[in-house]
Amino acid sequence: MIEKIGVIGAGQMGSGIAHVCAMAGFQVMLTDIDAQALDRAVGNISRNIDRAIAKGKATEAEKSAALGRIGTGTDLSAHGQCDLVIEAATENEEIKRQIFKSLVPHLKPEALVATNTSSISITRLAACTDRPSKFIGMHFMNPVPVMQLVELIRGIATDEPTFTAVREVTVKLGKTTAVAEDFPAFIVNRILLPMINEAVYTLYEGVGSVEAIDTAMKLGANHPMGPLELADFIGLDTCLAIMHVLYEGLADSKYRPCPLLVKYVEAGWVGKKCGRGFYDYSKTPPVPTR
């Protein structure tokens with residue numbers, strides 16, 4: 001029976017996961033190496049629930065109860081009593097492996113472990129733990145409180161009770177599951193990121209401007225956001241990391257990251273989170289940078 005959920009990483013994804021778990025009635029332990037990141041995360045969760053209250057989707061009593069269920073800490077030992085721990089650190093395999101190696105000595109023998117990776121091999125991450133059969137991929141979409149989908153990905157060793165328990169948790173969170181096989185980037189990013197990369201190539205080759213490309217896809221393909229605007233929202237560093245995983249994992253030239261995407265990341269122009277990517281967010285409305 002899963003009652004207490006640990007979340008590692010208090011960034012946008014981790015705080016969103018903690019938010020939905022607390023609102024669904026689970027006890028939550030949110031950890032991060034940065035105490036200030038934890039304070040920001042709790043503040044963001046509070047403000048996001050306020051937005052839901054304003055729309056009539058939550059009450060003050062529900063907010064108070066949810067915030068009361070969230071504990072925070074800077075040490076992985078805080079997850080000792082958790083039934084399920086979800087890692088939501090940066091999309092870097094070496095960092096994730098180090099987290100799992102440090103985490104597992106603190107866990108109960110029956111505790112399940114999930115990773116929110118959007119592209120990295122579940123089987124490979126599971127192999128660096130003491131419990132590959134109790135390890136699974138649980139890929140939430142961003143922003144977590146709003147997006148309905150969670151991709152569930154079994155590693156080669158993931159057992160059926162782990163899959164069943166995590167699927168039940170996902171349903172309790174009010175999410176819909178899509179089951180993906182453990183291939184690079186799974187379903188959503190296997191399709192989405194090459195489209196974004198192709199949009200960057202379209203810009204790089206001068207086929208269209210930032211504005212023309214995004215307008216064309218919004219009005220011509222009925223996408224709610226243009227691909228370059230979406231890339232800025234995801235983070236160009238994250239987009240590039242996923243393209244590297246696809247290119248290295250599948251060895252097909254169609255997944256080669258666009259040189260312009262590489263250049264933007266090298267410049268530190270990684271999108272909305274830093275104020276500049278394919279758009280300059282210091283202006284209102286944001287202005288294309290090319």
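Report yes if LYS101 is basic (Lys, Arg), touching a residue at least 24 places away in the same chain (Cβ under 8 Å), in contact with a strand residue (DSSP E or B) (Cβ under 8 Å, 6 or more places away or on another chain) and under 20 Å from ASP130 (Cβ atoms), otherwise no. Steps first, answer last, please.
Numbers: basic (Lys, Arg): yes; touching a residue at least 24 places away in the same chain (Cβ under 8 Å): yes; in contact with a strand residue (DSSP E or B) (Cβ under 8 Å, 6 or more places away or on another chain): no; under 20 Å from ASP130 (Cβ atoms): yes.
Criteria not met by LYS101.
Got a number for residues in the range 26-70 being more than 21 Å from the chain's Cα centre (by Cα) and not in a helix (DSSP H, G or I)?
Going through the range 26-70 one residue at a time, the tally reaches 6.
Residue check: is ILE153 in a strand (DSSP E or B) and more than 21 Å from ALA10 (Cβ to Cβ)? Write out each step before concluding.
Numbers: in a strand (DSSP E or B): yes; more than 21 Å from ALA10 (Cβ to Cβ): yes.
Against the criterion (in a strand (DSSP E or B) and more than 21 Å from ALA10 (Cβ to Cβ)), ILE153 qualifies.
Residues checked against (1) hydroxyl-bearing (Ser, Thr, Tyr); (2) in contact with a strand residue (DSSP E or B) (Cβ under 6 Å, 6 or more places away or on another chain); (3) free of Cβ contacts under 8 Å to residues at least 40 places away in the same chain:
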| site | (1), (2), (3) |
| --- | --- |
| VAL20 | no, no, no |
| GLN27 | no, yes, no |
| GLN36 | no, no, yes |
| SER64 | yes, no, yes |
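Could you figure out which of (1) modelled with pLDDT under 95; (2) surrounded by 22 or more Cβ atoms within 10 Å (Cβ to Cβ) isn't true of VAL85?
In the conditions (1) modelled with pLDDT under 95; (2) surrounded by 22 or more Cβ atoms within 10 Å (Cβ to Cβ), VAL85 misses (1) alone.
Looking at the range 250-261, can you tell me whether even one residue there is surrounded by fewer than 21 Cβ atoms within 10 Å (Cβ to Cβ), in contact (Cβ under 8 Å) with a residue 60 or more places away in the chain and assigned to a loop (DSSP other than H, G, I, E, B)?
First, the residues of the range 250-261 that are surrounded by fewer than 21 Cβ atoms within 10 Å (Cβ to Cβ): 250-254, 256-257, 259-260.
Filter once more, keeping what is in contact (Cβ under 8 Å) with a residue 60 or more places away in the chain: 250, 254, 257, 260.
In the following step, the residues that additionally are assigned to a loop (DSSP other than H, G, I, E, B) were identified as 257.
Yes, because at least one residue in the range 250-261 is surrounded by fewer than 21 Cβ atoms within 10 Å (Cβ to Cβ), in contact (Cβ under 8 Å) with a residue 60 or more places away in the chain and assigned to a loop (DSSP other than H, G, I, E, B).
Looking at the range 132-150 only, could you name the residues that are closer than 24 Å to ALA22 by Cβ and either outside any loop (DSSP other than H, G, I, E, B) or in contact with a Pro (Cβ under 9 Å, 6 or more places away or on another chain) (or both)? So that I can check it myself, show each step before the final result.
Within the range 132-150, the first condition is being closer than 24 Å to ALA22 by Cβ, and the residues that meet it are 134-150.
Answer for the range 132-150, where residues must be closer than 24 Å to ALA22 by Cβ and either outside any loop (DSSP other than H, G, I, E, B) or in contact with a Pro (Cβ under 9 Å, 6 or more places away or on another chain) (or both): LYS134, PHE135, ILE136, GLY137, MET138, HIS139, PHE140, LEU149, VAL150.
With the requirement that a residue be out of contact with any Cys (no Cβ under 9 Å at 6 or more places or on another chain) and closer than 15 Å to PRO288 by Cα, what does the range 203-215 give you?
Once the filter is applied, which keeps residues that are out of contact with any Cys (no Cβ under 9 Å at 6 or more places or on another chain) and closer than 15 Å to PRO288 by Cα, the range 203-215 yields GLY206, GLY208, SER209, VAL210, GLU211, ALA212, ILE213, ASP214, THR215.
Count, please, the residues in the range 198-217 that happen to be small (Gly, Ala, Ser) and in contact (Cβ under 8 Å) with a residue 60 or more places away in the chain.
Applying the first criterion (small (Gly, Ala, Ser)) to the range 198-217 yields 199, 206, 208-209, 212, 216.
Now restrict to residues that are in contact (Cβ under 8 Å) with a residue 60 or more places away in the chain: 209.
Qualifying residue count, the range 198-217: 1.
The values are calculated or read from the model by the stated rules, or taken from the named source; none is laboratory data. Note that the structure is predicted; figures quoted are calculated from it, not measured. Heads up, the Cβs are rebuilt from the backbone with ideal geometry, glycines too, and the neighbour counts pull from every protein chain shown.
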